[in-house]
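The values are calculated or read from the model by the stated rules, or taken from the named source; none is laboratory data. As the structure is a prediction and not an experimental result, all values here were calculated from the model. Ideal geometry is used to build each Cβ from the backbone, glycine not excepted, and the neighbour counts take in all protein chains shown.
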Amino acid sequence: MSPEQPLGSRAPHFIKRSRPLHLSWQVGVFVVGLAVVAGGVIMLPLPGPGWLVIFAGMAIWATEFVWAQLVLRWTKRKVTEAAQKALDPKVRRRNIILTAVGVTIIAAGLAVYVWKVGLVLPWNVAE
């Protein structure tokens with residue numbers, strides 16, 4: 001695992017030297033991050049990569065805010081753990097079996113539907 005960067009602002013040094021400039025910088029980063037996160041939240045029920053955009057907004061916030069850096073570290077750790085668990089042969093075999101069972105059940109349901117009704121879409125079925 002690579003060493004983690006220290007927590008804190010990643011603003012350029014000339015911005016950190018001036019308190020009013022640094023505060024303006026933080027407000028700007030917060031507003032941009034908020035807009036990106038809000039766009040991601042809007043994309044959750046709509047077509048689009050909602051979670052990816054939300055994490056991008058969190059990454060923007062993490063350039064300036066320690067709390068966002070900690071949230072991103074925790075998220076990265078959990079995603080890495082989940083990926084390692086998914087690569088475990090037993091878990092992978094179980095997932096393949098469950099997927100095969102689910103596909104078989106769906107195929108059987110579709111076969112029964114086509115057998116009973118024919119190749120007609122559900123909204124065109126005569127009562």
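Answer yes or no: is there a residue in the stretch 18-26 that is farther than 17 Å from Ala62 by Cβ and either touching a helix residue (DSSP H, G or I) at 6+ places or on another chain (Cβ under 6 Å) or touching a residue at least 12 places away in the same chain (Cβ under 8 Å) (or both). Please lay out each step first, then the result.
The first filter runs over the stretch 18-26 and keeps only residues farther than 17 Å from Ala62 by Cβ, leaving 18-21, 23-24.
Now drop any that are not either touching a helix residue (DSSP H, G or I) at 6+ places or on another chain (Cβ under 6 Å) or touching a residue at least 12 places away in the same chain (Cβ under 8 Å) (or both), which leaves 21.
Looking for residues that are farther than 17 Å from Ala62 by Cβ and either touching a helix residue (DSSP H, G or I) at 6+ places or on another chain (Cβ under 6 Å) or touching a residue at least 12 places away in the same chain (Cβ under 8 Å) (or both), one finds at least one in the stretch 18-26, hence yes.
Return yes or no: is Gly48 small (Gly, Ala, Ser) and either assigned to a helix (DSSP H, G or I) or under 23 Å from Gln5 (Cβ atoms) (or both)?
Working: small (Gly, Ala, Ser): yes; either assigned to a helix (DSSP H, G or I) or under 23 Å from Gln5 (Cβ atoms) (or both): no.
Here the answer is no, as Gly48 does not meet what is asked.
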Does the stretch 6-54 hold any residues that are modelled with pLDDT of 85 or more, touching a Leu at 6+ places or on another chain (Cβ under 7 Å) and under 21 Å from Val66 (Cβ atoms), and which are they? none
May I ask you to say which residue of Lys78, Lys90 is exposed (fewer than 11 other Cβ atoms within 10 Å of the Cβ) and either in contact (Cβ under 8 Å) with a residue 24 or more places away in the chain or under 30 Å from Val32 (Cα atoms) (or both)? Lys78
